[in-house]
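Chemist: Take this structure first; my questions come after.
The values are calculated or read from the model by the stated rules, or taken from the named source; none is laboratory data. Quick caveat, the model's predicted, so the values are computed rather than measured. Because the Cβ atoms are built from the backbone with ideal geometry, glycine has one as well, and the counts that use them run over all protein chains shown.
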Amino acid sequence: MIEPHGGTLIDRVVEDEHEEQLRSRVSETSAIDLDIAEYQDLINISNGRYSPLDGFMSQHDFLKVVNDMTLEDGTVWPLPIILDIPPKKAETLRPGDTVGLNDPSGRLVGAIHIDDIYKYSVIDVAKCVFGTDDTDHPGVQNLYNREDFLVGGNIHVFDEERYNSHDLFPKETRVLFEHRGWETVVGFQTRNAPHRAHEYIQKSGLELTDGLLVQPKLGAKKQGDYRDDIILSSYKTLFNNYYPDNRAALSVFPSRMNYAGPREAVFDALVRKNQGCSHFVIGRDHAGVGNYYGEFEAQEIIREIGDVGIIPLFYDYSFYCSKCDGMTSEKICPHSEEKQIHPSGTKIRNMIQEGSQPSEKIMRPEVARCIMDADEPFIKESGLQEGRA
Ligand SMILES: [Zn+2]
C-alpha cells in the first residue's frame, strides 16, 4: 500500500481517557465558531485526509505554502488550510491557549492548541494561490470574505465526525483496498454527475490498475452545480449498471470547491494519496472556473513539481465519435469534428433544465433519468447546500 503524504497517517481524534481533560480545559474560554468549510477542513485534518497537516497552518507554513507550494519542511503542499477569526476574538487569544471549536450548529467538536495569531495580505495570497485577485473568481471571493486574522496550531476533535455513510476515512479506504486485493487504485475527483467521458476516463484508468475510487467533493459549491445527493445517486446508478462490483468503490471528499485550478489538482492528488490511491486522474481544466486557467495547466504544474508519491494520469478531451462508433479522445480519434459528439457538462445541464434527455451517446440513459427524476438537481444559490446527501 502506498505511503501517506509525509510518511505518517495523521489521526487527531482524542483518545477516550483524555477527552474529559480536554473538554474541561476548553470550557474556560469561549470557542471559535467554524463555518461549514472550516469544519470540513477540521475533520479532514483529524482523519488524516490532509496528512501530514495536524492542524490549521501557522504563519511559517502558510507563507511557504502560498509562495512555494511546500510546507516549511519542504513537503509539497499547494493550498493554505487556515482558520480565520475576527479582530475582537484575536484580542482575547494568546499563543499557548487551547480553545474550543464549534461546528456550524454551535456544537463543541474539538479544540485548537494555538501556536500563533497573524495577519496576511489577501491580495498577495489571492494572486499566488488563484493566479488572480479578481473577485469574480469564486475562490478569491471566499478569501475576501474571511476575517483579518488567522490562527494556527494543531487540533484535536472529540469524536470521529462523518459527513454521510459514504464518508470513508483514509484508514478505512486503505483497509477496503487491501480487503479487495487492490495493490493499485486510480482515484477520480469530481464535482459532477457522470457523463460518458467521465466513465471513459475512469475505465481507461482502471485498465491500468486493480481498482477505481470515485470520490466526489461534497460541500459548498456555486449556483448551477449539481447537488451533492444528485452526484451520489447518479454515480450509484452508473455503478449498478455499468461497473464491475469488485473493481470500483464510491466514497466522498467533504470539502469546499476552491476553484484553484492547478494548485487544487495537486491538493486533490495528495488527498487521494492519503486515501491509499496509487494513481490519480488529471483531466482538462481540473478544478477550474471560467477562463482563469489554461486547459492543461493542472497537468503542467504536476509535471513541474515532479514525483509527489502518486502517479498522475493525464487525459485529453474525450467524446463519442460516430465513425469510431464509441467513446474515444482527441489523442486517438483521427476523425473530423462533425463525427464527434462532445459531452459538455454545461450543455447537459442546460438540456436537463429544459426537460430534454441528453443523447445516450453522451450520458447513460439510467443516469439521465436519475437526474431528471429529481425535483431540483442543481444548486440554486452559491454556498452552503441544504439537504446534504
Ligand atoms: Zn473517430
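Chemist: Hey, could you check the range 193-215 for residues that are touching a strand residue (DSSP E or B) at 6+ places or on another chain (Cβ under 6 Å) and in a loop (DSSP other than H, G, I, E, B) and say which is modelled with the lowest pLDDT?
Modeler: The extreme case among them is ALA193.
Chemist: Ok, one more. Looking for something over 12 Å from ILE81 (Cβ atoms) and surrounded by fewer than 21 Cβ atoms within 10 Å (Cβ to Cβ) - is there at least one such residue anywhere in the range 38-47?
Modeler: No: the range 38-47 contains no residue that is over 12 Å from ILE81 (Cβ atoms) and surrounded by fewer than 21 Cβ atoms within 10 Å (Cβ to Cβ).
Chemist: Within the range 171-192, work out how many residues are surrounded by fewer than 21 Cβ atoms within 10 Å (Cβ to Cβ) and touching a helix residue (DSSP H, G or I) at 6+ places or on another chain (Cβ under 6 Å).
Modeler: Number of matching residues: 1.
Chemist: Say whether the condition of being within 16 Å of the ligand (Cβ to nearest atom) and assigned to a loop (DSSP other than H, G, I, E, B) is met by at least one residue in the range 297-306.
Modeler: no
Chemist: ASN274 - would you say it is surrounded by fewer than 23 Cβ atoms within 10 Å (Cβ to Cβ) and among the polar types (S, T, N, Q)?
Modeler: Criteria not met by ASN274.
Chemist: Something else now. Checking HIS179 against (1) closer than 20 Å to VAL271 by Cβ; (2) without any contact (Cβ under 8 Å) to a residue 40 or more places away in the chain, only one condition comes out false. Which one?
Modeler: (1)
Condition check ((1) in the same structural domain as GLN353 (by TED's automatic domain parsing); (2) surrounded by 23 or more Cβ atoms within 10 Å (Cβ to Cβ); (3) closer than 24 Å to ILE341 by Cβ) across all residues:
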| residue | (1), (2), (3) |
| --- | --- |
| PRO194 | yes, yes, yes |
| ILE230 | yes, no, yes |
| SER234 | yes, yes, yes |
| PHE239 | yes, no, yes |
| ALA265 | yes, yes, no |
| ALA298 | yes, yes, no |
| ILE302 | yes, no, no |
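Chemist: Does THR346 count as at pLDDT below 95, polar (S, T, N, Q) and either crowded, with 17+ Cβ neighbours inside 10 Å or out of contact with any His (no Cβ under 8 Å at 6 or more places or on another chain) (or both)?
Modeler: yes
Chemist: Can you tell me how many residues within the range 255-287 are more than 18 Å from ILE305 (Cβ to Cβ) and at pLDDT below 95?
Modeler: 6
Chemist: Moving to a separate point now. Which residue pairs have Cβ atoms under 6 Å apart, sit 6 or more places apart or on different chains, and have a first residue in the range 6-22 that is surrounded by 18 or more Cβ atoms within 10 Å (Cβ to Cβ) and a second that is in a loop (DSSP other than H, G, I, E, B) and hydroxyl-bearing (Ser, Thr, Tyr)?
Modeler: GLY6/SER51; GLY6/THR75; LEU9/SER51; ILE10/SER51
Chemist: Which strands (runs of 3 or more DSSP E) sit wholly inside the range 310-389 and have at least 2 residues that are away from the ligand (no atom under 16 Å from the Cβ) and without any contact (Cβ under 8 Å) to a residue 60 or more places away in the chain?
Modeler: Hits in the range 310-389: 311-314.
Chemist: Let me ask something else. Just checking, how many residues over the range 121-160 are within 19 Å of TYR39 (Cβ to Cβ) and basic (Lys, Arg)?
Modeler: So the count comes out to 1.
Chemist: Considering only the range 137-159, state which residues are under 17 Å from GLU15 (Cα atoms) and in contact with a Ser or Thr (Cβ under 8 Å, 6 or more places away or on another chain).
Modeler: The answer is ILE155, HIS156, VAL157.
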